[in-house]
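So the structure is just underneath, and the comments pick up after that.
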There are 2 protein chains.
Amino acid sequence: MKNLLSDRLAEYGDVASALGVDAVALVPGPNFTRAVIHPFMSHERPFLLVVPARGTPAALVPNLELRSWDLVGFDGAVFDWRDQDGYDACFSDLLNHLQITTLGVEGQVMRVFVHHAMLRAQPDLKIIDAEREISALRMIKTPDDIDALTSAIEISERALERTLASVRLGQTEKEIEQTLIQNLFAEGAEDQAFHPIVAAGDGSARPHAKARADYAVKAGDALLLDFGARKHGFAADITRTVFLDYATDEAKAVYDTVLRANLTGFDVTRAGVTAHQIDDAVTGVLEASPFADRIRTKTGHGLGRDVHEAPYIMRGNHQVLPAGTVYTNEPGLYEIDNFGVRIEDDVLITEEGCASLTQFPKELTVLKC
Amino acid sequence: MKNLLSDRLAEYGDVASALGVDAVALVPGPNFTRAVIHPFMSHERPFLLVVPARGTPAALVPNLELRSWDLVGFDGAVFDWRDQDGYDACFSDLLNHLQITTLGVEGQVMRVFVHHAMLRAQPDLKIIDAEREISALRMIKTPDDIDALTSAIEISERALERTLASVRLGQTEKEIEQTLIQNLFAEGAEDQAFHPIVAAGDGSARPHAKARADYAVKAGDALLLDFGARKHGFAADITRTVFLDYATDEAKAVYDTVLRANLTGFDVTRAGVTAHQIDDAVTGVLEASPFADRIRTKTGHGLGRDVHEAPYIMRGNHQVLPAGTVYTNEPGLYEIDNFGVRIEDDVLITEEGCASLTQFPKELTVLKC
């Protein structure tokens with residue numbers, strides 16, 4: 001553990017060097033967990049790990065986390081503070097110790113109260129958003145990471161199979177959602193990767209729909225399930241859309257279009273492709289269809305410890321994707337007040353091409369229920 | 001819904017007035033959900049509701065959330081942006097429209113990338129942390145809020161009863177945790193309020209312990225379960241500590257001390273008490289015991305849409321607590337490498353005194369398992 005910790009901390013120091021800042025700071029979240037190989041919660045108490053480009057890292061730790069922090073095996077300076085004393089003096093001590101003038105932070109994770117506490121302690125500290133560079137260290141997955149992702153996906157797929165087998169006309173979206181969640185835990189999830197989307201009929205046309213307790217699914221509905229298990233700290237993210245009892249010709253044509261877009265994503269993916277190229281090819285299929293006005297989203301996002309992480313698979317992102325990257329290939333078409341279809345797979349980029357970590361069938365499915 | 005929305009937005013405008021800032025901004029989270037009466041997820045896309053002290057509110061909405069946003073019934077200006085265009089121009093448009101120079105934000109919720117985007121759009125914008133004032137609107141619970149909390153607590157207590165009935169010596173902490181989570185959903189939780197703490201033996205001495213897959217519970221262990229269901233958007237938070245097979249005299253004495261501290265919290269609570277006074281009384285019981293060196297935490301925190309919210313029940317917080325406040329009364333004693341005990345109830349402050357929303361028995365319990 002100790003050597004892995006040292007190696008990981010050195011990687012964040014290298015990020016600081018490459019950015020030309022004196023240090024980078026991590027707060028509890030996916031980068032923090034990866035760095036210290038131990039999960040800590042984000043809560044109302046500031047908790048900060050600072051890794052300088054040169055020199056020894058230091059940490060600001062809430063006193064009541066000290067015993068958990070001991071398990072990390074960290075040998076840098078630790079500044080702790082107690083609730084009754086507040087944390088301002090502790091930030092001053094930390095920053096006095098570090099003697100830095102520029103700091104890269106995780107803009108998507110660090111909250112404003114920590115940013116403000118740092119500036120109260122050192123008003124001339126220059127804080128830059130280094131989210132992209134810090135999180136980039138998580139982009140190439142290790143074999144252990146892939147094993148964890150695969151476990152999370154297998155659990156998710158077993159839960160989906162059980163859930164679809166139990167769907168009946170007249171159930172509410174909420175009931176189906178609760179069944180799905182229970183199946184995730186019954187199949188071995190350690191947590192939900194995110195709150196599932198279970199949306200039928202017109203609800204399926206809202207990409208981030210919330211399951212309704214007052215909508216009963218009916219014959220002809222599209223039923224979209226977007227969900228995932230978390231296992232060993234990694235998140236699955238899978239979407240399947242099925243039709244209940246029957247599918248109209250329009251539904252079949254839309255589904256076929258989305259499926260062709262999804263398959264095109266696999267065709268163009270190999271180490272060295274850019275995020276732009278994938279989205280351009282996938283979205284291009286949708287644009288060339290009669291349903292181009294139903295496009296609402298980019299192709300996908302990176303997947304790992306976080307459900308949404310780099311790389312974002314969208315036009316304009318010319319980031320080159322190396323082997324070991326995992327991303328979601330999730331084209332969709334959504335017509336408001338009508339229905340939506342999304343098919344989402346988790347894709348591992350390899351030197352030769354790619355592999356789908358998701359294995360759940362994606363042929364047009366009409367549930368007789 | 002529309003009138004409630006207008007009323008709620010007006011309340012946030014009043015917060016801005018009282019603070020002497022031009023507007024307050026909300027981002028997805030508990031205040032945002034309370035304001036718009038509809039849940040939105042926090043993710044990598046900025047999403048912002050700005051309520052000025054005078055004038056009409058405005059919102060910055062990711063394009064793919066527009067259809068969900070329509071359900072809110074918001075009649076202020078809406079600025080949307082698409083992934084492929086980025087959001088910088090949209091922040092400029094929003095801030096040009098608003099013509100503000102000072103803005104209060106939720107420091108515990110807003111992330112640095114939003115803060116930076118606002119300052120890129122308007123470098124002279126003065127952003128202050130108004131977390132306390134904004135969140136204070138959630139402190140006094142409505143009858144509907146109390147009903148939701150009560151539902152969440154009842155689900156949690158049924159799940160605890162089922163879980164304790166199934167504990168067997170030799171199970172791992174992780175197995176017990178998974179059983180607890182499955183029971184929460186089986187009893188009707190719409191989500192977990194937070195990832196449960198299930199900690200036995202020396203693990204129970206770490207306040208934020210994570211369940212271990214390699215620790216099997218054994219006779220004589222303390223078993224601490226800290227968890228809660230979420231229902232109708234509100235979070236339960238309950239802790240019970242039981243002993244497996246037998247309790248030593250030390251365990252009994254520690255448990256009795258913590259229970260007396262918890263009961264003292266109820267004795268001193270009524271509308272008009274300060275957070276300081278509660279913590280002083282509760283912690284005073286612990287300090288007067290032979291176990292004073294095992295104190296590691298304050299008495300508790302507010303509870304509602306968020307698991308940890310204002311008021312924080314700690315010495316030095318001289319905030320006066322009105323009827324309708326709900327807080328956690330959760331004294332504990334923790335000896336590293338030995339064991340810990342925590343007893344946590346959810347307390348509703350009333351004019352005459354207080355009521356425990358949690359009803360689960362808290363007499364010393366030795367599970368014969």
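Ascending distances from the A:A213 label point to its copies in the other chains, with the point 7 Å along the Cα-to-beta-carbon line: 3.5 nm. Ranked from largest, the principal axis spans of the Cα set of region A:105-194 equal 62, 35, 17 Å. If the chain linking A:K368 and A:D267 were pulled fully straight, counting 0.36 nm for each residue of separation and taking away their Cα-Cα distance, it would gain 33.1 nm. Gyration tensor analysis over the Cα atoms of region A:5-138 returns equivalent ellipsoid semi-axes of 20, 18, 14 Å (largest first, whole Å). Starting from the label point of B:R82 at 7 Å along Cα→Cβ, the same points in the other copies fall at 5.7 nm, in ascending order.
Using a 1.4 Å probe on protein heavy atoms, which residues of region A:289-303 have at least 40 Å² less accessible area in the complex than alone? Listed in order, they are A:R296, A:K298. For region B:174-228, carbon and sulfur atoms together expose 48% of the accessible surface, with a 1.4 angstrom probe and every protein chain in place.
Burial annotation for region B:63-100: residues with an accessible-area loss of at least 50 Å² between the isolated chain and the complete set of protein chains, computed on heavy atoms with a 1.4 Å probe, are B:L64, B:R67, B:D83. Please identify which residues in region A:340-365 have an amide N closer than 19 Å to a label point set 7 Å out from the Cα of A:I140, following the Cα→Cβ vector. Within reach of a label on A:I140, which here means backbone N under 19 Å from a point 7 Å along Cα→Cβ, region A:340-365 contributes A:347-355. For region A:133-185, the list of trypsin sites (Lys or Arg not before Pro) that fall in a loop by DSSP and count at most 15 other C-beta atoms within 10 angstrom reads A:R168. Candidates A:G188, A:I176, A:T269 compared by Cα position along the dipole of region A:143-367: farthest toward the positive end lies A:I176, with charges placed on Cβ.
How many percent of DSSP beta bridges within chain B run antiparallel, rounded to 5? Taking every DSSP beta bridge within chain B, about 75 percent pair in antiparallel fashion.
Across region A:158-173, computed HN-Hα scalar couplings (Karplus, 6.51 cos²θ - 1.76 cosθ + 1.60, θ = phi - 60°) run 5, 5, 5, 4, 5, 5, 5, 5, 9, 5, 10, 4, x, 5, 8, 3 Hz from first to last residue, x flagging Gly and Pro.
Give the shape of the protein assembly as shown as rounded, prolate or oblate, defined through the alpha-carbon gyration tensor: a ≥ b ≥ c are the square roots of its eigenvalues, a/c under 1.5 means rounded, and otherwise the shape is prolate if a/b is larger than b/c and oblate if not. Judged from the Cα gyration tensor, the protein assembly as shown comes out rounded (a/c under 1.5). In the context of the full set of protein chains, the protein assembly as shown has a per residue accessible area of 36 Å² (1.4 Å probe). As a ratio to 2.2 N^0.38 Å, the alpha-carbon radius of gyration computed for chain B takes the value 1.09. Over both sides of the B-A contact, add up the buried accessible area with a 1.4 Å probe and give it to the nearest 100 Å². Chain pair B/A: roughly 4600 Å² of buried accessible area.
Sorting B:I140, B:I100 by solvent-accessible area of protein heavy atoms yields B:I140, B:I100, largest first, with a 1.4 Å probe. Seen against the Cα atoms of chain B and their longest principal axis, helix B:112-121 is set at about 10 degrees.
With a 1.4 Å probe and all protein chains left in place, how much of the accessible area of region A:5-138 comes from carbon and sulfur atoms, in whole percent? About 47 percent, which is the carbon plus sulfur part of the accessible surface.
Distance between the pseudo-spin-label points of A:A213 and A:S42 (7 Å out from Cα toward the beta carbon): 2.8 nm. Across chain B, the relative contact order, built from alpha-carbon pairs under 8 Å that are at least six residues apart, equals 14 percent. By DSSP, the beta bridges lying fully in the protein assembly as shown are antiparallel in about 75 percent of cases.
Highest mean packing comes first when the peptides A:119-127, B:128-136 are listed by Cβ atoms within 10 Å, giving B:128-136, A:119-127.
So, in region A:143-367, how many Lys pairs have Cα atoms under 19 Å apart, if the pair is 8 or more places apart or on different chains? So the count of such lysine pairs works out to 5.
For region B:212-217, 3J(HN,Hα) computed residue by residue from phi via the Karplus equation (6.51, -1.76, 1.60; θ = phi - 60°) reads 9, 7, 10, 10, 8, 6 Hz, glycine and proline entered as x.
A point 7 Å from Cα along Cα→Cβ stands in for B:S17, and the other copies hold the same point at 5.8 nm, listed in rising order.
The string of couplings for region A:192-204 from the Karplus curve (6.51, -1.76, 1.60, θ = phi - 60°) is 7, 5, 6, 5, x, 9, 10, 9, 10, x, 5, x, 5 Hz, one whole number per residue in order, with x for Gly and Pro. I'd like the orientation of helix B:88-98 relative to chain B: the angle between its Cα long axis and the longest Cα principal axis, in ° from 0 to 90, rounded to 10. Its long axis makes an angle of about 80 degrees. Going from the chain on its own to the full set of protein chains, region B:16-41 has these residues losing 20 Å² or more of accessible surface (heavy atoms, 1.4 Å probe, no ligands, DNA or RNA): B:P39, B:M41. Once C-alpha pairs closer than 8 Å and six or more residues apart are averaged by separation and normalised to the residue number of region A:5-127, the relative contact order reads 24 percent. A cut-off of 5 Å between modelled amide H atoms, ignoring neighbours fewer than 5 places along the same chain, links B:V78 with B:A59. With a 10 Å cut-off around each Cβ of B:105-118, the average count of Cβ atoms from other chains is 6. Accessible surface ranking for B:M41, A:M118, 1.4 angstrom probe, highest first: B:M41, A:M118.
The values are calculated or read from the model by the stated rules, or taken from the named source; none is laboratory data. Model, not experiment: these values are computed from the prediction. Every residue, glycine as well, gets a Cβ built from its backbone with ideal geometry; the counts of neighbours run over all protein chains shown. We work out accessible area using only protein heavy atoms, side chains counted, and drop any ligands, DNA or RNA first. Shrake-Rupley method; radii C 1.70, N 1.55, O 1.52, S 1.80 Å.
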